[in-house]
Amino acid sequence: MLKRKARKAMAETSTLISPEHQEFLRQVRLEKTRIRFTQVLILVISFGLWEIFARANIVDSFITSQPTRVLKTIFSLYEEGVLFHHIGITCLETVIGFVLGTLLGTVIAIILWWSEFLSKVLEPYLVVLNSLPKIALGPVFIVWIGAGPAAIIVMTLAISLIVTVLEVLNGFLSIDKEKIKLVQTFGGTKFQVLTKVLLPASFPTIINALKINVGLSWVGVIVGEFLVSKAGLGYLIVYGGQVFKLDLVMTSVIILGVAAALMYQGVVYLEKVLVKNK
Amino acid sequence: MVEVHNVSMKYHSLNGEITALQNINFSVQAGEFVSIVGPSGCGKSTLLSIISGLLAPTGGTVLLGGEKVAGTSSKIGYMLQKDHLLDWRTIFENVMLGPEIRKTVTAEVKERALHLLQTYGLYEFRHKYPAQLSGGMRQRVALIRTLMTSPEILLLDEAFSALDYQTRLAVNDDIYAIIKRENKTAILVTHDIAESISMADRVIVLSKRPGTVKQIYSLSLSIAPRTPLTSREAPEFRYYFQEIWKELDVHVEA
């Protein structure tokens with residue numbers, strides 16, 4: 001839609017623009033094409049070399065796997081009907097993880113903003129929890145919650161929650177005090193300050209936290225799956241490693257990369273739709 | 001309309017006690033435009049916050065139409081230093097903020113908002129966002145937002161200081177005309193002597209901290225029609241400027 005508008009605008013102005021400007025626009029397009037071309041080239045060359053080295057026995061394909069074997073593995077996983085099962089489970093855990101992490105983090109940030117006393121009391125605890133490598137808590141969650149998806153989601157929450165709380169709270173506190181005063185001059189309550197100014201003004205911050213949490217959730221989910229799971233991409237990686245099926249490991253890593261990138265792009269798109277007049 | 005009796009304000013901090021205002025006395029008549037000037041840090045803005053009921057004074061009382069101020073009142077409209085339009089709301093939604101907060105949104109109120117936007121040349125922009133408006137227009141929107149709750153008294157807290165000089169002169173005229181047209185009482189706090197004279201019927205000069213009322217000037221400018229811009233051409237303008245300047249007793253410390 002936007003693209004069409006831009007093209008239309010360009011078409012309209014093209015009758016007016018000077019040849020110099022046309023040349024400039026052509027250069028810009030050319031530059032874009034060159035960048036995209038080089039990007040694809042790097043991908044093709046690296047996969048190509050990987051394949052060639054493996055075929056020529058320069059590297060041991062038993063250890064490094066190779067692109068054709070990765071494709072074969074994907075196909076056989078598909079044939080067995082488990083490909084989308086594993087991808088689906090991991091993606092579901094990740095989505096639940098970052099959505100829950102962002103929502104819960106925002107709610108806790110609101111509570112801490114509401115009560116300055118509570119926020120001051122909890123400050124040292126937040127600092128300790130923030131610095132603690134949350135992965136250390138993995139075994140604790142497994143014992144408490146049991147080996148299963150619930151423990152994995154709690155793991156992702158542990159990783160993303162504190163960061164979200166701090167980030168969103170920081171966003172709240174950086175909002176111009178005068179905007180809060182504005183609501184107060186109309187006799188607004190603290191709750192109205194929250195709903196009319198704080199939350200809408202912090203919306204970009206919250207979306208940003210969501211973006212960060214996507215990455216953190218993947219870490220949490222994969223670590224969680226390493227520790228407990230019976231399905232998912234993390235499980236495939238660990239299982240493949242244990243039985244020395246490097247094809248399976250490489251395949252899972254590549255799928256993971258694609259899935260993570262797609263999910264991140266999805267959130268970026270969501271941001272574009274939700275955060276208007278930016 | 002507004003009576004300020006013996007108002008004092010003390011702030012407490014770990015380093016001790018600061019007296020921001022001491023025994024402030026003055027009153028403002030209905031329909032009058034009063035400026036308050038003073039050196040920075042003399043408690044001008046604090047005084048406005050006290051009149052609006054946002055802050056409780058540590059001593060003295062403020063009466064609005066004979067009633068003691070305790071908490072914010074719908075009789076008061078407050079204009080802040082910047083326009084503080086909310087970026088995520090359209091112009092119309094921004095103007096409706098006051099009624100929304102006071103929970104007085106009705107079809108009539110919406111009608112009134114549109115009418116005010118129409119009167120002050122912003123009707124076409126009602127669906128636009130603040131970022132699409134010029135500084136002067138934004139200030140006008142901010143004033144309409146303040147007018148929406150039908151206040152009797154407008155408090156302008158350095159309301160033009162965020163604008164560049166040319167825009168500021170134009171907005172002075174603009175806002176002055178609207179205030180006179182809507183027949184509002186106004187108190188303007190500023191550190192700009194020229195601005196204070198150009199807009200007001202009376203100028204109250206505050207002293208350095210602790211702020212006290214040093215002098216009150218009733219202005220009579222022999223110029224008609226009077227607007228902030230024409231006021232600056234009045235023969236008396238210079239005289240008042242000199243007087244207030246002397247009264248402010250500004251020293252630049254090296």
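Here, each number is a calculation from the coordinates, and none is a lab measurement. As the structure is a computational prediction, the values presented were derived from the model and not from experiment. So basically every Cβ, Gly included, is an ideal-geometry build from the backbone, and we count neighbours across all protein chains shown.
Give the residue list of GluC sites (Glu not before Pro) in region B:167-254 that are DSSP loop and have at most 10 other beta-carbon atoms within 10 angstrom.
Listed in order of number, the matching sites are B:GLU233, B:GLU253.
For chain B, give the share of DSSP beta bridges that are antiparallel, in percent and rounded to the nearest 5; count only bridges with both residues there.
Of all bridge pairs located within chain B, approximately 50 percent are antiparallel.
Report ³J(HN,Hα) in whole Hz for each residue of region A:112-124, in order, from the Karplus equation J = 6.51 cos²θ - 1.76 cosθ + 1.60 where θ = phi - 60°; Gly and Pro get x.
5, 5, 4, 10, 5, 4, 4, 5, 5, 4, 7, 3, x
Once amide H atoms are built 1.01 Å from N in the peptide plane, which residues 5 or more positions from B:ASP201, or in another chain, come under 5 Å H to H?
Residues meeting the amide H criterion: B:PHE33, B:VAL34, B:SER35.
Which of the chymotrypsin sites (Phe, Trp or Tyr not before Pro) found in region A:179-278 are in a DSSP loop and have at most 12 neighbouring Cβ atoms, other than their own, within 10 Å?
The qualifying sites are A:PHE244.
Between B:ASN183 and A:VAL107, with labels modelled 7 Å along Cα→Cβ, what's the label distance in nm to one decimal, could you check?
5.3 nm
In a Gaussian network model over chain B where Cα atoms closer than 10 Å are linked, find which of B:VAL141, B:VAL205, B:VAL69 has the largest mean-square fluctuation.
Ranking B:VAL141, B:VAL205, B:VAL69 by mean-square fluctuation puts B:VAL69 first.
Give the cross-link partners of A:LYS245 among the lysines, using a straight C-alpha distance below 24 Å as the criterion and excluding same-chain residues fewer than 8 apart.
A:LYS72, A:LYS230
Compute the Cα gyration tensor for chain A, then decide on rounded, prolate or oblate, letting a ≥ b ≥ c be the square roots of its eigenvalues: rounded whenever a/c is under 1.5, prolate when a/b is larger than b/c in the other cases, and oblate in all that remain.
Here chain A falls in the oblate category.
For B:GLN215, which sequence-distant residues (separation of 5 or more, or a different chain) have an amide H within less than 5 Å of its own amide H, given hydrogens modelled in the peptide plane?
B:VAL205
If I model a spin label as a point 7 Å beyond the Cα along the Cα-Cβ vector, how far apart are those points for B:ASP87 and A:PHE244 in nm?
Label-label distance for B:ASP87 and A:PHE244, simple model: 5.8 nm.
Amide H to amide H, which residues 5 or more places from B:LEU21 or on other chains are under 5 Å from it, using H placed in the peptide plane?
B:MET9, B:GLY211
Mind telling me which of B:TYR123, B:TYR11, B:TYR176 comes out most flexible in a GNM of chain B, alpha-carbon contacts under 10 Å?
Highest fluctuation of the listed residues: B:TYR11.
Against the longest principal axis of chain B, how steep is helix B:165-181, in degrees 0 to 90 to the nearest 10, with axes from Cα atoms?
80 degrees
Shape verdict for region A:1-153, please, from the Cα gyration tensor: rounded (a/c under 1.5), prolate (a/b greater than b/c) or oblate.
Oblate.
Where a Cα-Cα gap under 12 Å defines reach, which aspartates and glutamates qualify for B:LYS208, not counting those fewer than 8 residues away within the same chain?
Counting by Cα, and skipping residues close in sequence, B:LYS208 has these aspartates and glutamates nearby: B:GLU247, B:ASP249.
Kindly write out, for region B:87-98 in residue order, the coupling ³J(HN,Hα) from the Karplus curve 6.51 cos²θ - 1.76 cosθ + 1.60 (θ = phi - 60°), rounded to whole Hz, with x marking Gly and Pro.
4, 8, 10, 6, 4, 4, 5, 5, 5, 7, 4, x
Counting only DSSP beta bridges with both residues in region B:112-245, tell me the antiparallel percent, nearest 5.
50 percent
From the phi angles alone, apply the Karplus equation (6.51, -1.76, 1.60; θ = phi - 60°) to region B:64-79 and give each ³J(HN,Hα) in whole Hz, x where the residue is Gly or Pro.
Per residue, the Karplus-derived 3J(HN,Hα) values read 10, x, x, 9, 6, 7, 9, x, 5, 10, 6, 6, 9, x, 10, 10 Hz.
With label points built 7 Å along Cα→Cβ from the Cα atoms of B:SER13 and B:GLU233, find their separation and express it in nm.
According to this spin-label approximation, the distance is 4.7 nm.
Charges only on Cβ, +1 for Lys and Arg, -1 for Asp and Glu: so what's the dipole of region A:74-274 about the Cα centre, in debye to the nearest 20?
I would put it at about 580 debye.
I need the calculated FRET efficiency for the pair B:LYS103 and A:LEU25, taking r as the beta carbon distance and R₀ as 45 Å, to the nearest 0.05.
With R0 = 45 Å, the Cβ-Cβ based efficiency is 0.25.
Take every DSSP beta bridge with both residues inside the protein assembly as shown and express the antiparallel ones as a percent of the total, to the nearest 5.
50 percent
What percent do you get for the relative contact order of chain B when only Cα pairs under 8 Å and 6+ apart count?
This gives 25 percent for chain B.
Using only Cα atoms, tell me the angle between helix B:235-248 and the longest principal axis of chain B; keep it within 0 to 90° and round to the nearest 10.
60 degrees
Between B:LEU154, B:LEU21, B:LEU122, which gets the highest mean-square fluctuation from a Gaussian network model of chain B, Cα cutoff 10 Å?
So, out of B:LEU154, B:LEU21, B:LEU122, the one fluctuating most is B:LEU122.
Most exposed first by the Cβ proxy, i.e. fewest other Cβ within 10 Å, how do A:GLU167, A:GLU116 rank?
A:GLU116, A:GLU167
With contacts defined as alpha carbon pairs under 8 Å and 6 or more residues apart, what's the relative contact order of chain A in percent?
Relative contact order here is 23 percent.
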